[in-house]
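The values are calculated or read from the model by the stated rules, or taken from the named source; none is laboratory data. All values derive from a computational prediction rather than experimental measurement. Cβ sites come from the backbone with ideal geometry, for glycine too, and all protein chains shown count toward neighbours.
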Amino acid sequence: MAVAPERKLDLREPTGWRRTSNSIATALMVLAFVLVIIPLGFVLYTVIAKGASAINWSFLTGQIPPNVSPPGQGGIGPAIVGTLEITGFATLMAVPLGVLGAIYLNEYGGKGVLGRVIGFMSDVMTGVPSIVMGLFIFSIWTIHFKFSGFGGSLALGCLMLPIVIRSSDEMLKLVPDPLREASYALGATKARVTLTVVLPAALGGIVSGALLAVARAAGETAPLLFTILTVTTVNKNLFSGPNTSLPSQIFVNASQPFVGAQSRAWGAALTLIVMAFVLMIAARIITARFTRYSR
Amino acid sequence: MAQADPAGTAGSARPLSERRPLGDRGFQILALAAGLLVLVILVLIAVSTSRQASSWFSAEGLKIFSNNWNPAANQFGALAFMYGTAITGVIALVMAVPVSVAIALLLTEVVPYRWAQPIVYVIDLLAVVPSVVWGLWGILVFAPWIAGIYASIASAVNGVPVLGSLFGPPTSGTSFFTAGIILAFMITPIVTSLSREVIATVPVIDKEGAYALGATRLEMIRGAVWPHSQGGVVGAVLLGLGRAMGETIAAALVIGSSATITSHLFAPGYNMPSVIANQFGEASGVFQAGLMGIGVLLFVFTIIVNVVARGVVARSARRKRGA
């Protein structure tokens, strides 16, 4: 670097158009980020400003009133109960199956043709539109067994399954092979190695991936439209009778001309976003802790 | 641990690998079943929705691609919805792709790592806002506000040949264009994060080589980063298109709900997912089969886009590893 070249090289800072175009490019990149922050900030501000005034204890627990009733009357209790039930049951179905699928991809068949096909198809399945999942469950379940929260759980579970498979697969890939080899050397069977050594090593990442999948499913409306309908009173039975959820209720209220209905929609939106944020922050904390330990 | 039992090992003629306990094999079968579930669900989606839609396909034949959706008159041509899906998808991509790629470059090439992480969190927040909340904000806040801007754009380009027919006077804030903008917000996080993954794989040595030749950052990006990540970014864009095509609830609230084909981007329209969401509840017979059939077509289109996109991404990753 210090050796002076024979020919005279221009080692000065770039000047003129080269320098200007570089600055313009950098400025445009920063501008792009600002362009994204503005709508995000605007949405969050509106939801918090309009939602916070609607939320109190009776709003969170009250029954859903008719659309015409003014702000302050009734609440969204049935929607909160429905969202917890439906998303919870979807999680119970999708997470174990997704983790098992990831175990197959990573520990058993990942290199073979079938393993690659399944891996590719679960990537493709993350792109299936949520409304198509709703139509699918309508055509195989709701037509035969009527509307119920369980139909909604099936639809959300189908949406979560490929997300859980992909995120768990990524985490299992990070488990170092010497861990597996050490336990094989002790004579453990493959199932035992996977369940007692590999899974615990990847648990933090798997849990945080699952939480993000739950957060995404909890905000989905389209798969629930034709599988659970909406109701105005709490339906604790997941397996019979129509149910409702926070996103469904927001969707119904959003196109209402009544101030009260709109105010309840903002309140429900804030509740939903807070739930999603809590899940996301929990996932971040778990990921941070997980990476610290694995280091 | 207890000592190995030499008699047990010696007494068995079968190799160790075949002496697997039942539980071990059972677990493998369980894992395989869970993996196969993905394929089963995808096949079931195709079969069961097409069966429900069969009366539409057989009643309308090729007329499903005609432009006459009128349930009251028993006419179920779905061209207007495909047009709407294409138009809103293009609008969303035109706005989201440059912004997403710019942010991806900002994260990988400009800001130091400790700043990059908070920026990623902020972009991820966009993805945490549920579709229905975008829709609620879109219909109650954004559409009324942007209607005024549409009106002033329309009066500014009034009479100009091409622009005049694209940006005509709006009827309200809900339109193809509004839906496209909201979709752009929603696909920005995924296009950004996928582009960033691709750009992060550019070898440091290529970048340092460009800098050593005296390139500015922009020249380095054009000469070293872009040729390397082009293919992957195309894949990311296609995946964003797949998302935009399938996004339902936000579009259903802000697109204006009108089955028309028009060059006016500020006019109310419909796209495939939103017509299903808005009309399925009150449909029956061929009407319902038609909406189910639109779902089948949407499924086919998004699967094609996703398969192509994943193929492009996988190929560019493979080429990189080979290089």
Next on the checklist: If a residue counts only when it is at the interface with chain B (Cβ under 10 Å from one of its Cβ atoms), under 23 Å from A:PHE251 (Cβ atoms) and touching a strand residue (DSSP E or B) at 6+ places or on another chain (Cβ under 9 Å), which helices (runs of 4 or more DSSP H) contained entirely in the range A:144-232 have at least 3 such residues?
Outcome noted: none
Next on the checklist: Just to be sure I understand the filter: pairs with C-beta atoms under 7 Å, separated by 6 or more residues or on different chains, first member in the range B:299-314 and assigned to a helix (DSSP H, G or I), second member among the charged types (D, E, K, R). Which pairs pass?
Outcome noted: B:ARG310/A:ASP123
Next on the checklist: I'm checking my understanding of the structure. Among residues of the range A:103-138 that are hydroxyl-bearing (Ser, Thr, Tyr) and over 22 Å from the mean Cα position of the chain (by Cα), which one is farthest from the other protein chains (Cβ to nearest Cβ)?
Outcome noted: A:TYR108
Next on the checklist: With within 11 Å of chain A (Cβ to nearest Cβ), over 24 Å from B:PRO71 (Cβ atoms) and either of a type in the set (Phe, Trp, Tyr) or touching a helix residue (DSSP H, G or I) at 6+ places or on another chain (Cβ under 7 Å) (or both) as the only criterion, which of B:LEU291, B:LEU239 stands out?
Outcome noted: B:LEU239
Checklist entry - Out of A:GLY260, A:GLY267, A:GLY241, which single residue is on the phi > 0 side of the Ramachandran plot, at pLDDT 90 or above and either touching a Gly at 6+ places or on another chain (Cβ under 8 Å) or not charged (D, E, K, R) (or both)? => result A:GLY241
Next on the checklist: With the requirement that a residue be touching a Pro at 6+ places or on another chain (Cβ under 8 Å) and among the small types (Gly, Ala, Ser), what does the range A:110-139 give you?
Outcome noted: A:SER122, A:SER130, A:GLY134
Item to check | Residue within the range B:72-83 that is at pLDDT below 90, in contact with a Gly (Cβ under 7 Å, 6 or more places away or on another chain) and more than 8 Å from chain A (Cβ to nearest Cβ) present | outcome: no
Checklist outcome for this item: Scanning the range A:237-255 for residues that are more than 10 Å from every other protein chain (Cβ to nearest Cβ), over 23 Å from the mean Cα position of the chain (by Cα) and either closer than 21 Å to B:ALA277 by Cβ or among the small types (Gly, Ala, Ser) (or both) gives A:SER240, A:GLY241, A:PRO242
Item to check | Residues located in the range B:20-35, provided they are within 7 Å of chain A (Cβ to nearest Cβ) and assigned to a helix (DSSP H, G or I) | outcome: B:GLY23, B:ASP24, B:PHE27, B:GLN28, B:LEU30, B:ALA31, B:LEU32, B:ALA34, B:GLY35
Checklist entry - Filtering the range A:66-93 down to residues that are within 24 Å of A:ALA222 (Cα to Cα) and β-branched (Val, Ile, Thr), which residue is farthest from the other protein chains (Cβ to nearest Cβ)? => result A:VAL81
Next on the checklist: Quick test for you: out of A:LEU246, A:LEU238, pick the one residue that is farther than 25 Å from A:ILE48 by Cβ and aliphatic (A, V, I, L, M).
Outcome noted: A:LEU238
Checklist outcome for this item: Counting only residues in the range B:132-157 that are touching a helix residue (DSSP H, G or I) at 6+ places or on another chain (Cβ under 8 Å) and farther than 25 Å from A:LEU225 by Cβ, the one nearest to the other protein chains (Cβ to nearest Cβ) is identified as B:ILE146
Next on the checklist: Please verify whether A:PRO96 is exposed (fewer than 15 other Cβ atoms within 10 Å of the Cβ), under 19 Å from the mean Cα position of the chain (by Cα) and at the interface with chain B (Cβ under 10 Å from one of its Cβ atoms), treating the condition exactly as stated.
Outcome noted: yes
Item to check | Which listed residue is within 28 Å of A:SER53 (Cβ to Cβ) and either charged (D, E, K, R) or at pLDDT 90 or above (or both), from A:ALA210, A:ALA215, A:ALA191 | outcome: A:ALA215
